[in-house]
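First the structure, in the form of structure tokens, and then the observations on it.
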Amino acid sequence: MSLSATNGRMNRWSRRLALLLTVLTFPLIWVGGLVTTTDAGMAVPDWPNTYGYNMFLYPWESWLLGPWDLFIEHGHRLLAALVGMVTIALMVVVLKTDARSWMRKLVIVALVAVIAQGILGGVRVRLNDVTLAMIHGCTGPAFLVLTTIIAVMYSKFWQNPVSPELSAAEADNKNEQNEDSEFIEDDKQQFNAALRLARLTTILVYCQLILGASIRHIPVTTSPQTYSLLVIFHIGMAVAVTGHIVMLCLAIRCTKNLPQSIRSGAKQMGLLIVVQLLMGIGTWVLKFGWPAGLGNNKYLADHLVVTQGWFQSHVVTGHVAIGSVILVMAALLTTRLLRLQFVTQQLEATEVIETS
């Protein structure tokens with residue numbers, strides 16, 4: 001077997017492992033959110049063991065047939081261990097097959113991050129510290145973003161980000177208009193505006209995620225006024241994030257000659273923010289009841305807030321998980337736009353050298 005064929009096969013394994021890591025990390029965040037929603041974080045008081053057993057040797061009957069909070073917490077640990085193992089496998093394969101030094105460093109960073117995340121979760125249990133739980137809840141989505149970016153770097157888009165979907169008519173039209181320098185400048189300004197919005201939207205979404213984690217892990221000694229203030233800020237930030245996503249979608253729609261993957265990604269994020277707003281409203285109603293005045297309606301008056309009920313727990317956790325997906329999609333759009341900008345600049349520089 002030739003060396004190129006071997007590298008190609010190993011690169012496929014790198015891509016598969018990167019995708020597997022991303023696919024496993026999302027349910028890990030969902031289960032972690034469910035642990036917080038149901039207050040199951042201290043269901044297993046020791047770490048790294050589980051009630052004195054090695055985590056992997058804990059009796060499966062006691063786990064599967066035991067209390068719900070034990071099932072969720074121990075399952076979260078096992079899933080986290082699986083994510084760690086896949087991260088190790090990905091790092092080994094990349095270090096052996098990928099010549100890109102920055103990619104080799106990136107998978108090492110991913111391994112350090114997943115180890116740090118595991119230790120952080122364990123120390124949170126040992127100390128029973130709410131602040132550490134909040135930090136743990138914020139770094140999890142950041143790791144999901146990292147795994148997604150690694151997966152994108154093994155995608156076909158990364159190899160050829162220049163849009164192949166342009167029709168012959170669009171390409172001819174572009175060539176004709178490229179003779180006009182003003183048109184070129186306007187096109188670049190639209191692209192740069194979309195890139196700036198993508199970056200800022202990613203930052204805002206992550207800030208909103210941190211604010212939400214602060215509300216979910218707020219100490220019991222916090223005053224009602226402080227809690228209300230955090231909730232108001234969370235709602236205000238939701239409005240700001242929604243506005244930025246709308247502006248980003250419009251900017252990408254107005255930017256010419258973008259690949260379909262970027263355009264479809266923006267549309268999906270626009271639809272997802274609508275779902276997230278509805279989930280946020282559902283979370284409010286299921287946790288606090290209807291806003292003042294609405295509860296007097298005869299169709300809504302029978303609603304009863306059931307703390308940690310099955311439906312409430314999954315709606316609240318879903319709201320948290322979708323927030324992580326929106327963060328990933330914003331970071332994904334930013335990464336793809338940056339890659340497209342880099343490759344386009346390289347092509348333009350090559351054309352200048354050839355013409356000169």
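Some points to look at:
- Where labels lie 7 Å past Cα in the beta-carbon direction, separation of V275 and L64 in nm: 3.0 nm
- Packing here is the average count of other Cβ atoms within 10 Å per residue, and on that basis the peptides 43-55, 21-33, 77-89, highest first, run 21-33, 77-89, 43-55.
- Sequence ranges 56-65, 141-150, ranked by mean other-Cβ count within 10 angstrom, highest first: 141-150, 56-65
- Sequence ranges 123-129, 322-328, ranked by mean other-Cβ count within 10 angstrom, highest first: 322-328, 123-129
Each reported figure results from applying straightforward, stated rules to the coordinates on display, with no laboratory input. Computed from a predicted model, the values in this text were never measured in an experiment. As a convention, Cβ positions derive from the backbone with ideal geometry for all residues, glycine included, and neighbour counts pool all protein chains shown.
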